[in-house]
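Here, each number is a calculation from the coordinates, and none is a lab measurement. Here the structure is a predicted model, which means the values were calculated and not measured. Cβ placement follows ideal geometry from the backbone for every residue including glycine, while neighbour counts extend to all protein chains displayed.
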Amino acid sequence: MNQTKSSTGSNRHLARESALEALYAWHSSECDNSAIPGLIAGRIAEEERKQQDVEYMRLMVHGVIEQKDTLDAQISTVIKRSLRSVATLELNILRLSTWEMTIRLEIPYKVIINEALELARDYTDESARGFINGVLDKLAKQLRASEIDLKN
């Protein structure tokens with residue numbers, strides 16, 4: 001059973017990587033929604049991602065795109081600068097994590113933050129990781145207050 005659990009986590013981690021890459025490409029294409037099917041197909045075809053949770057990746061990509069404005073508004077409540085000044089990779093890590101904190105309540109917020117920091121470690125620099133950690137800590141206090149209270 002533990003092996004299944006860890007491979008599911010791994011599958012979801014790979015799905016998060018694919019979702020981040022698809023969202024980055026989507027953002028870079030000026031948010032052209034018609035590009036999404038091809039971007040998702042490209043991430044599914046990646047040989048090193050064969051073990052990813054494809055359905056979860058699709059859910060994340062579509063969920064972030066459909067709720068982009070709401071997610072951006074939530075993120076804006078905890079940062080002191082314009083979202084336009086946030087690097088595309090950082091912003092999309094924040095969007096993915098905010099979506100998960102909002103929608104996937106069965107995933108503990110600490111797991112979501114840890115996954116975001118792993119993505120940041122792979123795709124950004126040290127200062128970006130600190131920024132992402134700070135933003136997500138603040139968002140967790142808003143979005144997962146009852147979960148945090150249970151831990152204290």
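Starting with the fewest neighbours, write out 135, 61 ranked by other beta-carbon atoms found within 10 Å of each beta-carbon.
Starting with the residue having the fewest Cβ neighbours, the order is 135, 61.
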- Note on the structure: In whole µm²/s, the translational diffusion coefficient that Stokes-Einstein assigns to the range 1-136, given a Kirkwood hydrodynamic radius over C-alpha pairs, 4 °C and 1.567 mPa s, equals 86
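Give the relative contact order (percent, whole number) for the chain; include only Cα pairs under 8 Å separated by 6+ residues.
Details: 136 pairs, mean separation 33.0, N = 152.
Relative contact order of the chain: 22 percent.
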- Helices from the chain with mean Kyte-Doolittle at least -1.0 and a Cα length along the axis of 27 Å or more, per DSSP H: which? 2-28
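Taking 30 Å as R0, compute the FRET efficiency from the Cβ-Cβ separation of residue 106 and residue 82 and round it to 0.05.
Values: r = 33 Å, r/R0 = 1.10.
Calculated value: 0.35.
Can you tell me the order of 38-45, 99-106 when each peptide is scored by its average per-residue count of other Cβ atoms within 10 angstrom, highest first? Present the calculation step by step, with values, prior to reporting the outcome.
Values: 38-45: 15.1, 99-106: 17.2.
In decreasing order of mean packing, 38-45, 99-106 become 99-106, 38-45.
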